[in-house]
Every structure is written in structure tokens, then in C-alpha cells.
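S.K.: Attaching a single structure in C-alpha cells format; questions to follow.
The values are calculated or read from the model by the stated rules, or taken from the named source; none is laboratory data. The structure displayed is predicted, hence computed values, not measured ones. Here the Cβ positions follow ideal geometry from the backbone for every residue, glycine too, while neighbour counts run over all protein chains shown. Keep in mind that these areas ignore ligands, DNA and RNA; they rest on the heavy atoms of the full protein, side chains included. Shrake-Rupley method; radii C 1.70, N 1.55, O 1.52, S 1.80 Å.
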Amino acid sequence: MENPLRSHYQEELTEAGCDEAGRGCYAGPVFAAAVILPAGFFHPLLNDSKQVTPENRNELRGFIETNALAWAVAKVDHDEIDKINILKASFKAMHLALDQLRTRPKLLLIDGNRFTKYKRTPHRCIVKGDSLFASIAAASILAKTWRDEYMLRLHDEFPHYGWNSNKGYGTREHRDAIGRFGLCKYHRRSFNIQPNGDVQEELEFIN
């Protein structure tokens with residue numbers, strides 16, 4: 001099966017792909033991953049995590065963690081999100097993941113159009129990069145699967161919000177539960193979630 005993802009942005013420097021998961025959620029942390037892939041890395045199912053089924057994401061997670069040259073996952077919790085805003089929290093999670101890599105990249109590929117510089121490492125921001133480059137797609141898979149797993153644990157503590165299925169996103173189920181039960185300690189207060197579960201103001205940092 002042909003995979004349209006490019007294996008690398010360039011060939012000379014060791015590069016790491018970075019992506020986040022959970023930026024638009026009403027509750028829980030934002031996760032980020034950084035991944036360095038070897039030359040010739042390939043899996044036919046690899047794509048932007050939003051385009052991959054949960055079953056295939058879990059298969060890919062194992063494949064990536066086994067075959068990547070280096071990978072790391074980090075999170076920033078809801079309290080920190082409320083203190084510094086979700087955009088800065090997403091960048092901080094990427095920085096924390098990069099801190100953990102056992103191989104130091106010389107170039108960073110960042111999914112999206114903005115990033116806060118990491119130390120002295122050059123970076124390239126790539127819109128929809130998780131559907132263009134294998135390392136960013138791999139990072140999106142790890143961030144998503146690790147976050148989903150974490151939200152299942154939070155669901156055990158607060159099952160009435162349906163986080164086992166909506167993972168903290170503002171689905172109708174989640175908004176209805178907020179209307180009935182109010183907010184819990186894991187909700188992001190800075191998102192200005194109303195008693196009916198709607199977000200009153202447009203969130204500048206989501207898009």
C-alpha cells in the first residue's frame with residue numbers, strides 16, 4: 001500500500017517531528033510527542049491520528065515505540081493550561097517531550113503555524129504537517145494514544161462526563177453532563193465553559 005507521507009524534510013540533519021493532542025478539549029491535560037524516525041521507516045497505516053481508527057492507532061503506537069530512533073511523550077495539566085493559556089501549554093508540552101529525547105535532534109518539524117523556539121534548535125512550522133511528514137504523523141499517534149489512555153483513567157474518577165468516548169472534547173454528551181453535574185476539578189476554567197456546557201467566548205488559541 002502506498003503511503004503519501006514524506007519520510008524526511010531534509011536528509012542532512014537529524015530531525016524530530018512534534019505534535020500535540022487535546023488542545024481543544026474542555027477537560028484534562030494537553031499531551032505532546034516528539035519522534036525521531038530512522039531512514040526507511042514505513043508503516044502503511046501511518047497518517048494523521050485523526051484519520052486513523054483507534055485500533056490502528058494502537059497498532060501504530062507499538063510499532064513507532066519499537067522502531068523509532070527516539071521518542072518521548074509529555075503532558076501539561078489543566079491547572080497549568082489555565083495559568084499560561086492552551087497555546088503556550090501546547091508548546092511547553094512539546095518542549096518537555098524534546099527534553100526527554102535520548103538523541104538530540106538538529107531540526108524540529110512542528111505541526112501547525114506557530115511555535116516557541118526550543119533552545120537553539122532550528123524548527124520548521126508545517127500546517128497539516130501530520131498528513132505530510134512521517135515523523136509528525138508518528139508524534140500525533142503517540143500524543144493521541146497516550147492522552148486517550150490517560151483520559152480513560154480520569155473517566156474512572158468522573159464517569160458521568162463520558163470521557164471514555166469523548167476524551168474531554170466538547171461533544172453534546174459532555175456538554176449535557178456539564179449542564180447536569182457542573183464542572184469538576186479536571187475542567188479547564190480558562191475556557192469559560194458555561195453551566196449549559198457551551199463555551200461562551202471564541203477561543204483565540206484553539207485554531
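S.K.: Under 17 Å from Gly24 (Cα atoms), at pLDDT below 95 and open to solvent by less than 50 Å² (accessible area, probe 1.4 Å) - does that describe any residue in segment 153-170?
M.R.: yes
S.K.: In segment 57-83, how many residues are assigned to a helix (DSSP H, G or I) and either over 17 Å from Tyr186 (Cβ atoms) or of a type in the set (Asp, Glu) (or both)?
M.R.: Taking segment 57-83 first, the residues assigned to a helix (DSSP H, G or I) are 57-67, 78-83.
When the remaining residues are screened for being either over 17 Å from Tyr186 (Cβ atoms) or of a type in the set (Asp, Glu) (or both), the result is 57-67, 79-80, 82.
Residues in segment 57-83 being assigned to a helix (DSSP H, G or I) and either over 17 Å from Tyr186 (Cβ atoms) or of a type in the set (Asp, Glu) (or both): 14 in total.
S.K.: Another question about this same structure. Exactly one condition in (1) open to solvent by 50 Å² or more (accessible area, probe 1.4 Å); (2) over 20 Å from Lys75 (Cα atoms) is false for Arg102; which is it?
M.R.: Of everything listed in (1) open to solvent by 50 Å² or more (accessible area, probe 1.4 Å); (2) over 20 Å from Lys75 (Cα atoms), Arg102 misses just condition (2).
S.K.: Can you find a residue that is loosely packed, with under 15 Cβ neighbours inside 10 Å, closer than 22 Å to Gly40 by Cβ and in contact with a Ser or Thr (Cβ under 8 Å, 6 or more places away or on another chain) anywhere in segment 128-137?
M.R.: Looking only at segment 128-137, we keep the residues that are loosely packed, with under 15 Cβ neighbours inside 10 Å, and these are 128.
Going one step further and asking which of them are closer than 22 Å to Gly40 by Cβ, we end up with none.
There is no residue in segment 128-137 that is loosely packed, with under 15 Cβ neighbours inside 10 Å, closer than 22 Å to Gly40 by Cβ and in contact with a Ser or Thr (Cβ under 8 Å, 6 or more places away or on another chain).
S.K.: Select from segment 104-150 the residues that are touching a residue at least 60 places away in the same chain (Cβ under 8 Å) and among the basic types (Lys, Arg) and write down the one among them that is farthest from Phe63 (Cα to Cα).
M.R.: Arg124
S.K.: What are the residues in segment 1-32 that are outside any loop (DSSP other than H, G, I, E, B) and farther than 19 Å from Phe91 by Cβ, if any?
M.R.: Residues satisfying the conditions are Arg6, Ala27.
S.K.: Can you say whether Thr145 is among the β-branched types (Val, Ile, Thr) and surrounded by 24 or more Cβ atoms within 10 Å (Cβ to Cβ), as far as the supplied structure shows? I'd like the intermediate steps shown before the answer.
M.R.: Numbers: among the β-branched types (Val, Ile, Thr): yes; surrounded by 24 or more Cβ atoms within 10 Å (Cβ to Cβ): yes.
Yes; evaluated as a whole, the condition is true for this residue.
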